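First the structure, in the form of structure tokens, and then the observations on it.
The values are calculated or read from the model by the stated rules, or taken from the named source; none is laboratory data. For clarity, every value in this text was computed on a predicted model and none was experimentally measured. Quick reminder, even Gly has a Cβ in these numbers, built from the backbone with ideal geometry, and neighbours come from all protein chains shown. What goes into the accessible areas is simple: the full protein's heavy atoms, side chains included, and nothing from ligands, DNA or RNA. Shrake-Rupley method; radii C 1.70, N 1.55, O 1.52, S 1.80 Å.
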Amino acid sequence: MEFLIYHRTDEMPPRPIAIGSDHAGYRLKEVIKEFLLAMGYNCVDFGVDGECSVDYPDYGIKVSEAISKGEFERGILICGTGLGMSIVANKFPGVRATLCHDLYTARMSRLHNDSNILVLGGRVLEEDLACQMVRVWIETPFEGGRHESRLRKIRAIEERLNGV
Ligand code: RB5
């Protein structure tokens with residue numbers, strides 16, 4: 001697939017993005033890795049390394065834990081539908097994993113939810129659309145304002161349930 005090369009103008013080098021998938025998300029993961037590289041982003045691949053059947057929680061845990069511990073700011077998770085990875089990722093304190101289906105949800109997940117894990121369905125999305133969603137998700141800032149207090153309420157749930 002041919003990609004447009006985006007030239008970043010920021011002085012700071014972009015922080016690497018954690019990425020992971022199960023077998024059903026493997027192909028899209030490889031496409032997105034190339035796309036990220038073309039955009040000037042590094043990514044760290046937490047697997048899986050092929051299309052043999054695996055259990056999505058094993059890979060969802062790796063990326064989500066890295067985000068939860070603050071080792072990475074942002075991550076991308078892909079399974080067949082995106083549903084399983086979403087369920088796994090949102091168990092982790094501090095993770096705001098958003099399953100997105102189009103450019104609108106990718107953009108809103110940043111503006112309103114300060115999403116730190118983008119979840120995609122490898123069996124649902126066309127590759128081109130998925131790449132454009134990744135671009136929008138990376139480039140869109142959190143809007144803050146009234147959304148800050150909503151995120152504080154989510155944090156309070158985590159503190160109450162997990163003692164974190
Ligand atoms: C694997 O067949 C599939 O169940 C998985 O990729 C995901 O869609 C689960 O939610």
Self-check item: Accessible solvent surface per residue of the chain, calculated while the other protein chains remain in place, 1.4 angstrom probe, Å²
Solution: 54 Å²
Quiz item: With each pseudo-label sitting 7 Å past Cα toward Cβ, what's the residue 140-residue 101 distance in nm, one decimal?
Solution: 1.5 nm
Quiz item: Considering every pair of different Cα atoms, what Kirkwood radius, in Å, is found for region 110-164?
Solution: 13.1 Å
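Would you work out what percent of the accessible area of the chain, with all protein chains in place, is carbon or sulfur (probe 1.4 Å)? Working shown, then result.
Numbers: 4600 of 8900 Å².
Solvent-exposed carbon and sulfur of the chain make up 52 percent of the total.
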Practice problem: Quick one: which residues, 5 or more positions from residue 82 or on another chain, have an amide H under 5 Å from its amide H? H modelled 1.01 Å from N in the peptide plane, none for Pro or chain starts. | Solution: 122
Quiz prompt | Inter-centroid distance (Cα atoms) of region 118-164 relative to region 16-89, Å | solution = 15 Å
Quiz item: Charges only on Cβ, +1 for Lys and Arg, -1 for Asp and Glu: so what's the dipole of the chain about the Cα centre, in debye to the nearest 20?
Solution: 760 debye
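Quick one: length gained pulling residue 158 to residue 87 fully straight, 0.36 nm per residue minus the C-alpha distance? Display every interim value, and only then the final one.
Details: separation 71, 0.36 × 71 = 25.56 nm, distance 1.51 nm.
Between residue 158 and residue 87, full extension yields an extra 24.1 nm.
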Practice problem: Please grab the % of Cα pairs in the chain that end up more than 25 Å from each other. | Solution: 26 percent
Quiz item: Of 153, 33, 91, which is the most mobile in a GNM of the chain whose springs link Cα atoms less than 10 angstrom apart?
Solution: 153
Quiz prompt | Where the Cα pairs of region 29-100 fall when distances are cut into 5 Å bins, in % | solution = 3, 17, 27, 25, 20, 8, 1
